[in-house]
Amino acid sequence: MSDIHKLSGAYALDALDDFERARFDQHLSTCEDCRAEVAEMRETAALLAETTTFAPPASLRVSVLSGISQVRPLPPEIRRPEGAERRWFPLLVAAALVIITGLGALAWQPWSSDESQLSATEQVLQAKDAKRVSVDLGEAGRATVVRSVSHNAAVIVAEDMAPAPEGKVYELWLWSGDKFVPAGLMPNSADHTTLLEGDAAVAGAAGITIEPAGGSEKPTTEPIALFDFSEAV
């Protein structure tokens, strides 16, 4: 997805899957605008739960119709400054929530069904042949690798990952043939979603090792996590 900001509404209403939620959690840590939007939308949703319905008085229709002739036409549309749409977004979501309350149904579609609009990472996560294998690292966190053979790619989704030791990094690997080949470095954040580099379709497994800053051409330590693709479901 080219604009992760559009997921804030679905996130506020808990309408994201685990992988999308992990990705947006990471985004929230660096985006003040989205944190404010999520807070406003959650507050609006809470207020809507407290509303009650009532029948309007019969005089309302008469007063509305009689006042139409006195309504001034709208002025010419003025182009809003760049960024104004972002400020209107919470109000639009609030209006959508009111409609939900009245109609009692809603279908969320936070991303486009056109695969060409998805990032390489999102294409893997949403692929029909995507298979997952997870490793629980205990106090060090939890990680899941998602692989799509049709896209020849794999993605790792990390949750609550402990930081690497000082002066070290977490390096990703793919088991190709009879050796591990470098597949990139993991970001230094507790929650993240990262696309592995390299040919994942023919790989037998993925792994994580602790390496010197900048990474290594081959592992210098035993893997702290090994994702066997034969066990993926």
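What follows is calculated from the coordinates using simple rules that are stated; it is not laboratory data. Predicted model, so just to flag it, every value in this text is computed and none were measured. Here the Cβ is made from the backbone with ideal geometry for all residues, glycine too, and neighbour counts use every protein chain on show.
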Checklist entry - How far is it, in nm, from the label point at Ala45 to the one at Ser150 when both lie 7 Å from their Cα along the line to the Cβ? => result 3.1 nm
Checklist outcome for this item: Over segment 155-206, the quotient of the Cα radius of gyration and 2.2 N^0.38 Å is 1.19
Checklist entry - Once the other residues with Cβ under 12 Å from the Cβ of Thr194 are scored (Lys, Arg +1; Asp, Glu -1), what is the net sum? => result -2
Checklist outcome for this item: 1/(1 + (r/R0)^6) with r = Cβ-Cβ of Glu231 and Leu137, R0 = 25 Å, i.e. FRET efficiency to nearest 0.05, evaluates to 0.95
Item to check | Two-site FRET efficiency, Lys218 against Gln117, from Cβ-Cβ distance with R₀ of 41 Å, rounded to 0.05 | outcome: 0.65
Checklist entry - What FRET efficiency, computed as 1/(1 + (r/R0)^6) with R0 = 41 Å and r the Cβ-Cβ distance, is obtained for Ala36 and Asp129, rounded to the nearest 0.05? => result 0.60
Item to check | Flagged links, alpha-carbon separation over 26 Å, of Lys168/Lys218; Lys131/Lys179; Lys128/Lys179 | outcome: Lys128/Lys179
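May I ask you to give the average projected area over all directions of the convex hull of the Cα atoms of segment 122-231, in nm² rounded to one decimal?
The Cα convex hull of segment 122-231, projected and averaged over all directions, gives 6.3 nm².
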